[in-house]
Amino acid sequence: MVFSSHLFLFYFLPVALGIYYVLPRRGKHLGLTILSYIFYGWANPLFVVLMMTSTLIDYICGLVTTGQLNRNALGRPMPLLDKGGPRTRGQKAAVVVSICSNLALLGFFKYFNFATENYDAIVEALGLANLKLDLLFKITLPLGISFYTFQSMSYSIDVYRGDARGIRNFIDFACYVSMFPQLVAGPIIRFSEVADQLENRTYTLEKFARGVAFISLGFAKKILLANACGKIADVAFNAGSVGFVESWFGAVAYAFQIYYDFSAYSDMAIGLGLMLGFVFPKNFDSPYRSKSITEFWGRWHLSLSNWLRDYLYIPLGGNRKGPGRTYVNLALVMLLGGMWHGASWNFIIWGGIHGAMLAFERSRGKKSLYASLPGAVRTALTFLIVVFAWVFFRADDLPGALQYCGSMLGLSDVHQGAALLGGILYKPYYLGSFLVACLITWTFPQTWDWTRRISWVKVPLIAAILWLAVIVLTTQEFNPFIYFIF
């Protein structure tokens, strides 16, 4: 089930909200958990079993870490472990089990096909075709596994570090992991960010109204901008042969598509959270206005960036072990970030480009090329680097990505038939959507800021935008959010 569908907007959401608000306070988490399992299992009920397995493992690991498996501890308040204090072997074992089990689930379902395909390619290249696996079956990637494993794992780590208290009630923990607003495509909500809200949160008309605004604007971004720019990108990337101008048009359109698609989902998730009484953190901060790649990663997919920083970059040593180690850590984190997105050499190269740029900018410091350029030029240069890297993210395979990059650099031979692409790409509707995306990207306020105060002037505007998006939805084919596949 996706947010940008009639089924969700007009059936599931009203029913879910009605049930949630009718339930008594003590029953809200159980009701929300059941509703979330229905939402998640709509495509494949077996996915729910996998998520419940991850949830149960991390819940037990949290009990072990806090010493709550002891009967004598059941009546006591959940302890908050001392930060930096000594940990027993049992506590260390619990956090290791949590991390390894989640990474094992993620690794198997996400990288099994990739590993077997590369193994077959290597042995065949070595002339050992008889050792090929030639598996007839493929592993299906469960929706949202990249998100809920990181989220569930953050609980064990936060409790172990002393950043949050553990949860004794299993239903409360299951609700945290499975909450349908951010379950399938984030943002990645760390346990320490909502621990207090799970115990006590407020329900106000102001929160609810802001939530409706978030959902309406996010839905419009998805339907009116992301889908239109996605059509441009699909035509360009699937053409096989594309000219210089058309290749850049398609690449920039994909940059808009993935931004408006993912930020739209995040907006709707934040809005749904507000309607349920939760305040989720901001996930995007106008990333294409960045003046460097370092700044870009302080604005793009903040929940993942912060997760990688706090749970990977800093434990690796961060910038505390000298310049050389810092550059290696930056590159390694971004390579792993690329692998997190998908099992493909394209994602690894995409992560490598960003990692190399982060290391380069860190090495140059204030002497960087960026520092000597006007702000607008730095923003444009950063955007061009990001767009070029997006080609590897979007292309179906490595040869296709390299060929497309060649077109962007004017190095590829263009077939005569490529001129016909203009008749499709430059339709008024696509050009108009592209220009609106440009305008909003670099001049309009963010949804997070614009919805802080819902005035009576904004209400009809929000309603009109939502109405237009719903009308356009009826004319579009089914188009799920991009990050569903990650």
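Every number here is computed from the coordinates shown, using simple stated rules; none is lab data. On a predicted model such as this, the values are computed, not experimentally measured, just so you know. All Cβ positions, even for glycine, are placed from backbone atoms using ideal geometry, and neighbour counts span all protein chains on display.
A compact table of results
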| item | result |
| --- | --- |
| Gyration tensor (alpha-carbon) shape descriptor, the range 256-303, a/c threshold 1.5 | oblate |
| Candidate aspartates and glutamates - alpha carbon under 17 Å from K28, same-chain residues fewer than 8 apart omitted | D172, D196, E199 |
| Estimated FRET transfer efficiency when R0 is 22 angstrom, pair N169-V279 (beta carbons, to 0.05) | 0.55 |
| Surrounding net charge for S344, when Lys and Arg each add one and Asp and Glu each subtract one, Cβ distance under 15 Å | 0 |
| Inter-label distance for I471 and K321, nm, one decimal - labels placed 7 Å from Cα along Cα-to-Cβ | 6.0 |
| Long-range Cα-Cα pairs in the range 6-200 (distance over 28 Å), rounded percent | 37 |
| Estimated [θ] at 222 nm from DSSP helical runs (n ≥ 4, -39500 (n - 2.57)) normalised by residues in the chain, nearest 500 | -20000 deg cm²/dmol |
| 19 Å cut-off, amide nitrogen to a point 7 angstrom out along Y21 Cα→Cβ, residues in the range 31-47 | 31-33, 35-36 |
| Kyte-Doolittle mean at least -1.0, axial Cα span of 20 Å or more - DSSP H helices of the chain | 46-66, 89-125, 145-161, 205-220, 244-275, 323-341, 345-364, 375-394, 428-443, 458-473 |
| Relative contact order %, the range 6-200, counting alpha carbon pairs below 8 Å whose residues are six or more apart | 31 |
| Listed peptides 52-62, 151-161 by packing density, highest first (mean Cβ within 10 Å) | 151-161, 52-62 |
| Signed unit charges on C-beta, dipole axis of the chain, positive-most listed residue L402, G317, S4 | G317 |
| Most to least packed among 81-88, 447-454 [average Cβ atoms within 10 Å] | 447-454, 81-88 |
| Stretch gain in nm, segment A464-C438, where the contour uses 0.36 nm per residue and the Cα spacing is subtracted | 7.2 nm |
| Set of the range 290-309 residues, backbone N closer than 16 Å to the point 7 Å along the Cα-Cβ line of V377 | 291-292 |
| Farthest toward positive dipole pole in the range 6-200 [+1 Lys/Arg, -1 Asp/Glu at C-beta], among I99, Y155, A16 | Y155 |
| Amide N of the range 270-284 lying under 17 Å from the label point, which is placed 7 angstrom from the Cα of I454 along Cα→Cβ | 270-280 |
| Given K207/K427; K222/K427; K92/K138; K138/K231; K110/K222; K110/K427, the pairs whose alpha carbons are separated by over 31 Å | K207/K427; K92/K138; K110/K427 |
| Ranked packing of 393-400, 286-293, most packed first, by mean Cβ within 10 Å | 286-293, 393-400 |
